[in-house]
Amino acid sequence: MSDRTWTLVDVLARPAEASYRRRRVRVAAVLYVGVLAGVVGALAMYPFRMIEIAPAWASENALAAVTLTSGVLVKLLCEQLRASVAAFVVASAVGAVAAIALRVLPYLLLGLPPLGGYALLPVAGDTLTFVLFGQFPLQLTGYLVGVVYDGARA
């Protein structure tokens, strides 16, 4: 542990090492890894949910594997257990917000009137249910696989 000053570039390049540093550096690494994993999980689950319009190469197994891998990367990119748990919480929250935004955004781009916003409630509720019972369990399983593989370091 050197007295070297950590910059944002260092945190982005080596988040695993940054998860053992001072609190400010650790928070930056947690936010970076959490946002990255949450967005990757949400982008993989969007075509998974709408598999009929997904490209031919995007099978359900491939998209589920990408979501599972995003959970593994949370643990591998934040090696310290406290930092990785915090990054997983950030990834879950960002993934849920990104999934709902991806699903609702096409309707908002159509320019619905204010009363038409009620049409978005079932879509948002359906997406939230899919996040809770599809995306979150896959990312949690991936995170637990990462803990078993990498070990729980305090």
Filtering helices (runs of 4 or more DSSP H) wholly in the stretch 1-70 for at least 2 residues that are touching a helix residue (DSSP H, G or I) at 6+ places or on another chain (Cβ under 7 Å) and without any contact (Cβ under 8 Å) to a residue 24 or more places away in the chain gives 8-13, 23-49
Just one listed residue, out of 89, 94, is touching a residue at least 12 places away in the same chain (Cβ under 8 Å) and either touching a His at 6+ places or on another chain (Cβ under 7 Å) or surrounded by fewer than 18 Cβ atoms within 10 Å (Cβ to Cβ) (or both), and it is 89
| message | residue 103 - would you say it is surrounded by fewer than 16 Cβ atoms within 10 Å (Cβ to Cβ), modelled with pLDDT of 85 or more and assigned to a helix (DSSP H, G or I)? | response | no
### Query
Is there a residue in the stretch 29-44 that is modelled with pLDDT of 80 or more, of a type in the set (Gly, Ala, Ser), in contact with a Lys or Arg (Cβ under 9 Å, 6 or more places away or on another chain) and at negative phi?
yes
Per the filter on the stretch 73-86, residues touching a residue at least 40 places away in the same chain (Cβ under 8 Å), in a helix (DSSP H, G or I) and either aliphatic (A, V, I, L, M) or over 16 Å from residue 141 (Cα atoms) (or both) are 73, 74, 76, 77, 81, 82, 83, 86
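The values are calculated or read from the model by the stated rules, or taken from the named source; none is laboratory data. Everything numeric in this text was worked out from a predicted model, so none of it was measured. Every residue, glycine as well, gets a Cβ built from its backbone with ideal geometry; the counts of neighbours run over all protein chains shown.
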